[in-house]
1. Once you've got the GNM for the chain with C-alpha springs shorter than 10 Å, pick whichever of A24, A40, A97 has the biggest mean-square fluctuation.
2. Students often get this wrong: which residues of region 3-19 have the backbone nitrogen under 20 Å from the point 7 angstrom along Cα-to-C-beta of S119?
3. Just name one of N107, V48, S21: the one whose Cα is farthest towards the positive end of the charge dipole of the chain (beta-carbon charges, Lys/Arg +1, Asp/Glu -1).
4. Between Rg and the Kirkwood Rh of region 17-58, both from Cα atoms, what is the Rg to Rh ratio?
5. Expressed in nm², what is the orientationally averaged projection area of the convex hull enclosing the Cα positions of region 32-95?
6. List the longest stretch of the chain that has no exposed loop site; here a site is one of the trypsin sites (Lys or Arg not before Pro) assigned by DSSP to anything other than H, G, I, E or B, with at most 12 other Cβ within 10 Å.
7. Take R98 and Q81, extend 7 Å from each Cα along the Cα→Cβ direction, and tell me the distance between the two endpoints in nm.
8. Using just the Cα positions, wrap the chain in a convex hull and report its mean projected area in square nanometres, one decimal place.
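Computed from the coordinates by the stated procedures, all read-outs in this text should not be read as laboratory data. Source: prediction; values computed, not measured. In this analysis, Cβ positions are derived from the backbone assuming ideal geometry, glycine residues included, and neighbour counts consider all displayed protein chains.
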Amino acid sequence: QVQLVESGGGLVQPGGSLRLSCVASRIIFSIYDMAWYRQAPGKQRELVATITSRGSTNYGDSVKGRFTISRDNAKNTVYLQMNSLKPEDTDVYYCNARRLRVGLPDNDYWGQGTQVTVSS
């Protein structure tokens, strides 16, 4: 069974930092594009950051300059370093693994999410 497991969430004060981790199993991790999304109740799921299988990164406008996505293929793990956290960063953060296959259904997997709360 394909599995993505997030960890590292918690309660942090404004201006603080957290590092989220997502460990993948039962996939060839190195060929997947990875991403972090976040979602609050009543809102659409928002793209936070992506990192392709080749290491190219993109960030949502709201987190540019504050968050950094990285991956360690030897550990089947993608990370999200979050600095200068704001109350509006409070959300459930989800890990995503995706592989486009031309002429076939895409492989697209999600973790269960980890809660990040930024509050004083």
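1. Checking each option, the largest mean-square fluctuation is seen for A40.
2. Backbone N within reach: 8-19.
3. The residue sitting most towards the positive pole is N107.
4. 1.03
5. Computed as one quarter of the Cα hull surface, the answer is 4.5 nm².
6. That would be 65-100.
7. 2.5
8. 7.7
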